[in-house]
Amino acid sequence: MNCMKQIFRTIVCVFLLSANAFGGNKMKSTYLYEKEDIKKAASLPPQTFKISGGLFGSYRNVSLFPVPFDNAVGSNDMGNAVTIISFPKGKIDYDRYFRNAADDMSGSGEFVSQTAKDILGYGQVRRFLLFDFKNRLHREYRIVFSITQSIQKIALADSELKRFLFEIESEKRNAKDPFDVNKSLQLIDLSDDKHEVIKEVFKPAGTIWITTNDRVILWEFDRKKLHVYDMNMEPAHHHLEDVVKKYKDQIDFSRIYIHPHLPFAILNGIDGSICVSWHKDRSSVPHYVLSDGGNYSFSPDGKWVTYKTSDIGKKAQTYLMPISEKYPHYLGSPILLADTYFDEGKFAWTTNPTGFVGSRLDKIYHWDLENRDFPEKGTMSFHDYIVKNDLEKLTREKKQGLGNKH
């Protein structure tokens, strides 16, 4: 049943993306970076490691998630433990924690995309496992008990209070259609041995949700309604709300990616990706960025964003874009990372140094985005070097209004 639901959700997702065509006063599809620009993109090769161990000599397609350790990511697919995968001096190390602390800890799950000091957690169907590295403690919470309920998504609401936001799916009683379900967001306190539901908010059908800093944003893409809450699930406001209201007849989208620090977001729909800003000194007019980008992921420091190409019938690739306020629309020219892609739950960012890590088949791919050799090393960071040279190139080509005389 769960497998059928996953297949159905995939079909629905494709349909919704197709249905969200830009109509009415449709914006002209001129992209900041056209396909011809992407074909000429520079490349940044990874360090590639074969994953050792496993029943048949190597683990495959291991899950990855952020962890409260420097230069590392985590996995729960390498034995019945939390495995910390680190990259010291260009090598790879595996350290296992909480081995056999609970039954069936492996098998992927719903991962929390934000990190918190000393703790991490993930959900599996109806339970949530919380690990405290400082005190070497773990707790197992049965978030829902009925077999008709399951955890769909999790986000961190308050690390100090150990509060998390759970999306819960509940099958309707006596429903003839197995996909006839209710969904809700539950703010749950996990500071004690037993969990406590602080507040519950109904999630309408055809709605996605994200968290950003101190806000929870729900987007009903069929009705074009944006709902904003604070981390206590009380009604609040976000500047994206104003932009969407102003341009809702010109743009359609089914995915939202909000930058962690700068005042802009990437909105993704069938016609591609759109950049919108609410900076007081910049135009709020939406701009198309790419025609075939998706699965965007911002680095924790906000200096980079990765994305996957999504052209139907073509091999998906992974790209990286630098981010800076020096760009007219914050986003720099794409850089090819790999001629492959990483599924949701199969990639994560490292901190100190900032790096991107992906898992596919029996390999782990790692890009250190700080400790690299480049011509002006010692006078500036790798990020600043990329931005400097990219802006010079865009100015020479008179792209995005750069290099034009006024």
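The values are calculated or read from the model by the stated rules, or taken from the named source; none is laboratory data. Source: prediction; values computed, not measured. Cβ coordinates were reconstructed from backbone atoms using ideal geometry, including for glycine residues, and neighbour counts include every protein chain displayed.
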Yes or no: residue 306 polar (S, T, N, Q), in contact with a strand residue (DSSP E or B) (Cβ under 7 Å, 6 or more places away or on another chain) and part of a strand (DSSP E or B)?
yes
Which count do you get for residues in the range 195-233 that are modelled with pLDDT under 95 and under 21 Å from residue 128 (Cα atoms)?
0
Tell me which residues, restricted to the range 143-164, are closer than 12 Å to residue 122 by Cα and part of a strand (DSSP E or B).
151, 152, 153, 154, 155, 156, 164
Can you spot a residue in the range 232-254 that is under 28 Å from residue 341 (Cα atoms), surrounded by 18 or more Cβ atoms within 10 Å (Cβ to Cβ) and not hydrophobic (A, V, I, L, M, F, W, C)?
yes
Scanning the range 268-289 for residues that are touching an Asp or Glu at 6+ places or on another chain (Cβ under 9 Å) and in a strand (DSSP E or B), the one farthest from residue 331 (Cα to Cα) turns out to be 269
If you go through the range 56-78 one residue at a time, how many are over 25 Å from the mean Cα position of the chain (by Cα) and touching a residue at least 12 places away in the same chain (Cβ under 8 Å)?
1
Where residues in the range 324-361 are in a loop (DSSP other than H, G, I, E, B) and among the small types (Gly, Ala, Ser), which of them is surrounded by the fewest Cβ atoms within 10 Å (Cβ to Cβ)?
324
Quick check on the range 309-323: of everything there that is assigned to a strand (DSSP E or B) and over 22 Å from residue 263 (Cβ atoms), which residue is modelled with the lowest pLDDT?
309
For the range 331-356, what are the residues that are over 11 Å from residue 319 (Cβ atoms), among the β-branched types (Val, Ile, Thr) and touching a Leu at 6+ places or on another chain (Cβ under 6 Å)?
354
Report, by residue number, each residue of the range 115-139 that is among the polar types (S, T, N, Q) and surrounded by 15 or more Cβ atoms within 10 Å (Cβ to Cβ).
115, 124
Please specify each residue of the range 338-374 satisfying the condition of being among the hydrophobic types (A, V, I, L, M, F, W, C) and closer than 28 Å to residue 120 by Cα.
342, 347, 348, 349, 356, 357, 361, 364, 367, 369
Taking the range 375-398 and keeping residues acidic (Asp, Glu) and under 16 Å from residue 354 (Cα atoms) leaves 384
Count - residues of the range 17-53 that are of a type in the set (Asp, Glu) and either modelled with pLDDT of 95 or more or surrounded by 10 or more Cβ atoms within 10 Å (Cβ to Cβ) (or both):
2
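Results for (1) crowded, with 16+ Cβ neighbours inside 10 Å; (2) more than 15 Å from residue 321 (Cα to Cα); (3) in contact with a Cys (Cβ under 6 Å, 6 or more places away or on another chain); (4) modelled with pLDDT of 95 or more, shown as yes or no for each residue.
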| residue | (1), (2), (3), (4) |
| --- | --- |
| 363 | yes, yes, no, yes |
| 382 | yes, no, no, yes |
| 403 | no, yes, no, no |
| 406 | no, yes, no, no |
